[in-house]
Amino acid sequence: MSTDLSQAHHKINYIEIPVKALASSKAFFNQVFAWTFVDYGDDYAAIVGAGIDGGLYSSDKQVSVQQGSVLVVLYSADLAKTEQAIIHAGGSIIKPVFEFPGGRRFHFCDVNGNEFAVWSDK
């Protein structure tokens, strides 16, 4: 089966995220965002259902805006509910909800210390 990539030229196609512990990262993202994964060995898992293709790979590195990393920003229709789900799953809020033109957002760290953000226009 062939995939039509005619519209993919010069578009972001895949994002890979380093994680210290693959199993706990998969559990966190599944619990909070309902992502599923396809394992490729012990050190890599492809992300399914995140809105863009990507994967998690074993690494002792972390992503952080303070260190100059790209920030992965997720959308939520209910910012407060997503924030509570992150906390309940063992993540931490590192930048409380703030407003910006077009909406509101907050930053969080997953269970392995990687920084992400969640925004909403609601």
>> Given Cβ point charges of +1 (Lys, Arg) and -1 (Asp, Glu) and nothing else, what value in debye, to the nearest 20, does the dipole of the chain about its Cα centre take?
In response: 340
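Can you give the % of DSSP beta bridges in the chain that are antiparallel, to the nearest 5?
70
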>> For a quick check: with amide H placed at 1.01 Å from N, whose amide H comes under 5 Å from residue 72's, ignoring anything fewer than 5 positions away on the same chain?
In response: 117
>> Given an 8 Å cut-off on Cα distances and at least 6 residues of separation, report the relative contact order of the chain as a percent.
In response: 24
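Can you pull the Rg over Rh of the range 24-77, Cα-only, Kirkwood?
Radius of gyration relative to Kirkwood radius: 0.97.
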>> Quick check on the chain: helices-only [θ] at 222 nm, where DSSP H runs of length 4 and up contribute -39,500 (n - 2.57) each and the sum goes over total residues. Nearest 500, please.
In response: -5500 deg cm²/dmol
>> Ranking request for peptides 84-94, 35-45: highest mean number of other beta-carbon atoms within 10 Å first, then the rest in descending order.
In response: 84-94, 35-45
> Can you give me the pair-distance distribution of the chain, C-alpha pairs, 10 Å bins, whole percents?
Replying inline: 12, 42, 34, 11, 1
> On full extension of the chain, what length is gained from residue 24 through residue 88, given 0.36 nm per residue of separation minus the C-alpha to C-alpha distance?
Replying inline: 21.7 nm
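Where a number appears in this text, it was derived from the coordinates with a stated rule and is not lab data. Keep in mind the model is a prediction, meaning the values are calculated, not measured. Glycine gets a Cβ as well: all are built from the backbone with ideal geometry, and neighbour counts include every protein chain shown.
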